[in-house]
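Scroll down for the structure; my scribbles are underneath it.
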Amino acid sequence: MYTFNYQRAADPKAAVAALASDGEAKFLAGGQSLLPTMRLRLAQPSQLIDVTRIPQLKEIRVEPTRVTIGAAVCHADVANNADVQRVLPALAFLAGHIGDRQVRSLGTIGGSIANDDPAADYPAAVLGLDGTVVTDRRRISAADFFVGMYETALQPDELIVAVEFPVPEKAAYEKFRNPASHFALTGVFVAKTANGVRVAITGAAPSVFRATDMENALSANFTEAAARGVTIAPDDLNTDLHASAEYRAHLIPVLTARAVRAANG
């Protein structure tokens, strides 16, 4: 580690102003991605601006048709929130299976989607539920937010304030996880809405994406058999030391079928 300054922001405006005044500064939320890269000297911010004490960023609001999660809400609080469990149980389930207990107690939804790790869980929920990322200055649709590997539509000094999730008719998340990190080797979020079915895939490609062939099949027939009948091409999927592109392509229909089964109860 090396020397850096630390300050705690009182509100979103103060946090953004502090970052804008120093091009080498970084926002600090749970620190589950940033601090390890700092220890390895892959990132060397001049100062960390702590946003975890901003009240607006710590709120969870649950309405009949929408769930809003503040950017600094940790995974454990989403997983254990009784209203989230009741209205959008798939989101609570996903949050409860991120990393281990220590990670869930510190990691935040805003930090997760801002980092956009290819194997992170939350991007699948944001894209699968057609969520909206609310920042200090605008609203960004899920389709526009995730740009590529570790890349989002955020401006350098833009702060995520909250994420809004429409409540679907049915939804579920399933993943095949790395046994050590619990990251998704492949993860599938399925949401059935009045406008059809959305299927978002994480862990399989450089960034989260929608499986449109799977969506078409499930919109016509929301069953496990329909999911298993879709063939996924491995061409644009990842091959690494954990799994080949072909194996990930095989996992997508399997995990989607499991998600459909869970969604159907």
Unique match (being among the β-branched types (V, I, T) and farther than 30 Å from E63 by Cα) among T193, T202, T186:
T186
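Here are A153, A125, A143: which of them is buried (at least 23 other Cβ atoms within 10 Å of the Cβ) and not assigned by TED's automatic domain parsing to the domain that holds N195?
A125 is the lone residue from the list that is buried (at least 23 other Cβ atoms within 10 Å of the Cβ) and not assigned by TED's automatic domain parsing to the domain that holds N195.
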Where H97 falls short, out of the listed (1) touching a Ser or Thr at 6+ places or on another chain (Cβ under 8 Å); (2) assigned to a loop (DSSP other than H, G, I, E, B); (3) closer than 21 Å to A191 by Cα; (4) of a type outside the set (D, E, K, R):
(1)
Every residue from region 226-256 that is touching a helix residue (DSSP H, G or I) at 6+ places or on another chain (Cβ under 8 Å), among the hydrophobic types (A, V, I, L, M, F, W, C) and assigned to a helix (DSSP H, G or I):
A226, A227, I252, V254
Select from region 72-88 the residues that are surrounded by 16 or more Cβ atoms within 10 Å (Cβ to Cβ) and not in a loop (DSSP other than H, G, I, E, B) and list them in ascending order.
C74, H75, A76, D77, V78, A79, V84, Q85, V87
Tell me, which residue of region 48-75 that is among the β-branched types (V, I, T) and touching a residue at least 40 places away in the same chain (Cβ under 8 Å) is farthest from L28 (Cα to Cα)?
T65
Taking region 32-47, which residues are in contact with a strand residue (DSSP E or B) (Cβ under 9 Å, 6 or more places away or on another chain), assigned to a loop (DSSP other than H, G, I, E, B) and either among the hydrophobic types (A, V, I, L, M, F, W, C) or free of Cβ contacts under 8 Å to residues at least 60 places away in the same chain (or both)?
A43, P45, S46
Just a yes or no: is a residue in region 218-226 within 25 Å of I98 (Cα to Cα), at pLDDT 95 or above and either assigned by TED's automatic domain parsing to the domain that holds A125 or buried (at least 20 other Cβ atoms within 10 Å of the Cβ) (or both)?
no
Taking region 243-265 as the search range and keeping residues that are buried (at least 16 other Cβ atoms within 10 Å of the Cβ) and more than 19 Å from R198 (Cβ to Cβ), which one is modelled with the lowest pLDDT?
A243
Select from region 50-71 the residues that are out of contact with any strand residue (DSSP E or B) (no Cβ under 6 Å at 6 or more places or on another chain) and surrounded by 19 or more Cβ atoms within 10 Å (Cβ to Cβ) and write down the one among them that is modelled with the highest pLDDT.
I54
So Y6 clears everything in (1) exposed (fewer than 14 other Cβ atoms within 10 Å of the Cβ); (2) of a type in the set (S, T, Y); (3) in a loop (DSSP other than H, G, I, E, B) except one condition, right? Which one?
(3)
If you take the residues in region 10-26 that are assigned to a loop (DSSP other than H, G, I, E, B) and within 24 Å of the chain's Cα centre (by Cα), which one is surrounded by the most Cβ atoms within 10 Å (Cβ to Cβ)?
A25
Quick one: I69 ticks every box in (1) more than 24 Å from V188 (Cα to Cα); (2) in a strand (DSSP E or B) bar one, so which box is it?
(1)
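The values are calculated or read from the model by the stated rules, or taken from the named source; none is laboratory data. What you are looking at is a predicted structure, and each value in this text was computed from that prediction instead of being measured. Note: ideal-geometry Cβ built from the backbone for every residue, glycine included; neighbour counts use all protein chains shown.
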